[in-house]
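Data block below; observations after.
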Amino acid sequence: MSRGPASFGQLLREHRIAAALAQEELAERAALSRRAISDLERGAHKAPYPATVRRLAEALALTESQTTALLIAARGSTVDQSSTPPVPRVSIEESQKRGRVKYEVLGLGTRAAALHGLGRTRAAIRELQVAVPLARRVGDPAQFVRAASGLLAFDGEESLAAEAEAARSRITTNLPDTGMREGVLAGNWSVFG
């Protein structure tokens, strides 16, 4: 994926290439014409219908956050991919089935960031309220600090703040280099910054 602002056409083309599909193959999977795919990628059709975008996302097997980014771009906004958190390759539901809690936590944080970006703050808070206890269970302090920092951006609960600070302290104590410790202490752990 490219970094920086991306239009709908650029995002669509990048996702198609990442999926190793020709325009004809994507067109067939999404029940569109090859010309329609070409026009969308070139920007000849600037505002595709949301249903069309969802068909394309399904044909490309995009994650929920990737689909959200594509929908935002379809409305004419550019998506700044440099500020987009990493998207897990396995869906949240698939992570749950496989017992891969760490990826589930990452997915919930990513989905919360996307929801917040769409102005759906309450839904973002609900995702983070699920992510924080899961992150505790993972036992990875960085996962916990990231999820907790996201929730603290909305809800300043003192006990959670103290727990997050203790986890951050455990992380910095184990770092071998002063520069690394300073970087962690100065870092913005929240994707909602």
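No value in this document is a laboratory result; all are computed from the given coordinates. If you're wondering where the values come from, they're calculated on a predicted model, not measured in any experiment. Positions of Cβ are generated from backbone atoms using ideal geometry, with glycine treated the same way; all protein chains shown enter the neighbour counts.
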(request) Can you pull the one-decimal nm distance between simple spin-label points at Ala19 and Ser159, each 7 Å off the Cα toward Cβ? (result) 4.6
(message) Taking R0 as 30 Å, what FRET efficiency do you get between Arg29 and Leu118 from their Cβ-Cβ distance, rounded to the nearest 0.05?
(response) 0.70
(request) With θ set to phi - 60°, apply the Karplus curve 6.51 cos²θ - 1.76 cosθ + 1.60 along segment 15-26 and write out the HN-Hα couplings as whole Hz, x wherever there is a Gly or Pro. (result) 5, 5, 5, 4, 7, 6, 10, 7, 4, 4, 5, 5
(message) Just to check I understand the Karplus step: with θ = phi - 60° and J = 6.51 cos²θ - 1.76 cosθ + 1.60, what whole-Hz values come out for segment 56-72, glycine and proline as x?
(response) 5, 4, 5, 5, 8, 6, 6, 6, 4, 5, 5, 5, 4, 4, 5, 5, 4
(request) Calculate the length of the line joining the C-alpha centroid of segment 105-130 to that of segment 1-62, in whole Å. (result) 25
(request) Using a 10 Å cut-off on Cβ atoms, rank the peptides 120-129, 39-48 from the highest mean neighbour count down. (result) 120-129, 39-48
